[in-house]
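Okay, structure first, notes after.
The numbers here are math on the coordinates, done by the rules we state, and not lab data. Since the model is a prediction, treat every value here as computed from it, not as a measurement. Backbone-built Cβ (ideal geometry, glycine too); neighbour counts: all protein chains shown.
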Amino acid sequence: MSKTTGSLGGLAVKVSPRGASRLKDGHAWVYRSDVVSADGVPPGSLVSVVDHRGQILGSALYSSSSQIAIRLISREPVADFPALLRQRVADAIVYRESMVRHANAYRVIFSEADFLPGLIVDRYNDILSLQVLTQAMDAEIVRQTLISELIERLRLASVVERVDPRVRQLEDLPPRTSGLVQGEKTSTIFTMNGVQFHFDALEGQKTGAFLDQRENYAAAAQYAHGEALDVFCYQGGFALHLAPGCSRVTGIDSSRPALEVADQNAALNHARLNHNDKEIEWIEANAFDLLKDYASSGQRYDTIVLDPPAFAKTKRDLDAALRGYKELNLRALKMLRPGGVLVTCSCSHHVGPSDFLEMLADAARDAHRTLRLVEVRGQAKDHPILLNLPETAYLKCVIAIVSQ
Ligand code: SAH
């Protein structure tokens, strides 16, 4: 196993003309197949990227094992790396201050989109959750610089690191366990759009909640009415937002632990939800099977949310993923009453917005329903999208009304 040194400069990686033109086109990555030489470059180093003529293209973080060998961090030479890291953290925080409303939970740093490739930091009220995805970000000096800057600027109770063992394996990094890196607090309650949620930094999936849906929760709540079904509800993000405007809400998920938290979240929002004795029903089931049963037994709804896990993990999965989305959307469309609202999502980057809309149009045609598009949405603004780095865009959320 190689050792991460996080060396701070003086090193160069030469890239092929194809790699160079990718960077010149505005992208931030060079794949290993486009690295011509990285002689003597330790894993996780800050390097200068040069083309075959020796022209410097910028400064980057190098990985010795990932397919993404180069992640650009600046188009300029970097004289003081820790100072650059601190500035990037400061800029990311300022951006959130201007963009995030009505929430004390949001993504503080979104990797490449905040020019800190390989680092994800989420805030849940008074706890920061940190994920390190690359050799460079795992280097001790880099970690210490980032963490101390985050603590100094945000002054939260604690910082927790969440580790994905597969990521560390792919990056050829020594194993590490999830846990506290600062402070003592590991659980809290956070709020978004006036809805409260439990957060436990060391349990749950992903970083604890799907913060990228925050603005879509509020948008969906504007149209939701009548009897609502939240399919793939996880800890109840959509269901809890829709409940005040609906007569009945049912959440479906295959994960019992997620539904247990969903139920605790419902209790937490008791005052908001139960003014007319409204209870949310949580059902543990395979959504595909349950929707099939419901559709064939003639169950009808006024609002249906579909927010499945990513079906397309790679480009090769695209066709199969689109078939999966179509099957789900077709079933949901058949179950919606006239005037019903469909909120349908995809978090696969490889399924582009036009693929997704085309799939939905096909599903509507096959279901003999006419759909009126009311909103085509994406990820919340605290998960910025860089136009020249399409991989930063992944979430689609379409809200449509069944007009007949
Ligand atoms: N809507 C949620 C996020 C959904 S993430 C929110 O806003 O917080 C996807 C969810 O799908 C996960 O909770 C996972 O447990 C669930 N899931 C995955 N496969 C499933 C299946 N076949 N049937 C039901 N739920 C499934």
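Some notes on this structure:
- Residue 285/residue 388 FRET efficiency (R0 35 Å; Cβ-Cβ; nearest 0.05): 0.25
- Cβ-based exposure ranking for 246, 347, 397, in which fewest neighbours within 10 Å come first: 347, 246, 397
- Net length available on complete extension from residue 317 to residue 187 is 43.2 nm, with 0.36 nm assigned per residue and the Cα-Cα distance removed.
- Fraction of beta bridges assigned by DSSP in the range 262-397 that are antiparallel (%, nearest 5): 45 percent
- Positive contributions from Lys and Arg (+1) and negative ones from Asp and Glu (-1), summed over other residues with Cβ under 9 Å from the Cβ of residue 135, come out at -3.
- Student exercise, the range 47-167 dipole from Lys, Arg, Asp, Glu Cβ charges, in Debye to nearest 20: 200 debye
- The Stokes-Einstein estimate for the range 81-236, based on a Kirkwood radius over Cα pairs and taken at 25 °C with 0.890 mPa s viscosity, is a diffusion coefficient of 148 µm²/s.
- Here is how the number arises for the chain: DSSP H runs of 4 or more residues each give -39500 (n - 2.57), the sum is divided by the residue count, and the result at 222 nm is -9500 deg cm²/dmol.
- Axis angle, to the nearest 10 degrees, between helix 140-154 and the longest C-alpha principal axis of the chain: 50 degrees.
- Residue exposure proxy: 13, 167, 121, ordered by other Cβ atoms within 10 angstrom of their Cβ from fewest to most, comes out as 167, 13, 121.
- Kirkwood-based Rg to Rh ratio, the range 141-223, C-alpha trace: 1.04
- Computed from label points 7 Å out along Cα-Cβ, the spacing between residue 169 and residue 254 is 2.0 nm.
- Cα long-axis angle, helix 81-99 against the chain (0 to 90 degrees, to the nearest 10): 20 degrees
- Mean separation of Cα contacts under 8 Å, 6 or more apart, over the residue count of the range 327-371: relative contact order %: 55 percent
- In nm, spacing of pseudo-spin labels at residue 292 and residue 148 (7 Å Cα→C-beta vector): 5.8 nm
- Taking Cβ atoms as reference points and 11 Å as the exclusive limit, the residues near residue 331 contribute a net charge of -1, counting Lys and Arg as +1 and Asp and Glu as -1.
- Charges were assigned to the Cβ only: +1 to each Lys and Arg, -1 to each Asp and Glu. The resulting dipole of the range 278-404 about its Cα centre is roughly 340 debye.
- Efficiency of FRET between residue 225 and residue 202 - r from beta-carbon atoms, R0 45 angstrom, step 0.05: 0.75
- Taking the empirical scaling 2.2 N^0.38 Å for compact globular proteins as reference, the chain has a Cα radius of gyration ratio of 1.06.
- The mean sequence distance of close C-alpha pairs (under 8 Å, at least 6 residues apart), as a share of the length of the chain, puts its relative contact order at 12 percent.
- Residues 11, 387, 61, 306, sorted so that the one with the fewest Cβ neighbours within 10 Å comes first: 387, 11, 306, 61
- Of the GluC sites (Glu not before Pro) found in the range 170-263, those that fall in a DSSP loop while having at most 12 other beta-carbon atoms within 10 Å are 184.
- Between the C-alpha center of the range 39-53 and that of the range 112-141 there is a gap of 22 Å.
- Inter-site label distance for residue 267 and residue 75 at 7 Å from Cα along Cβ, in nm: 5.4 nm
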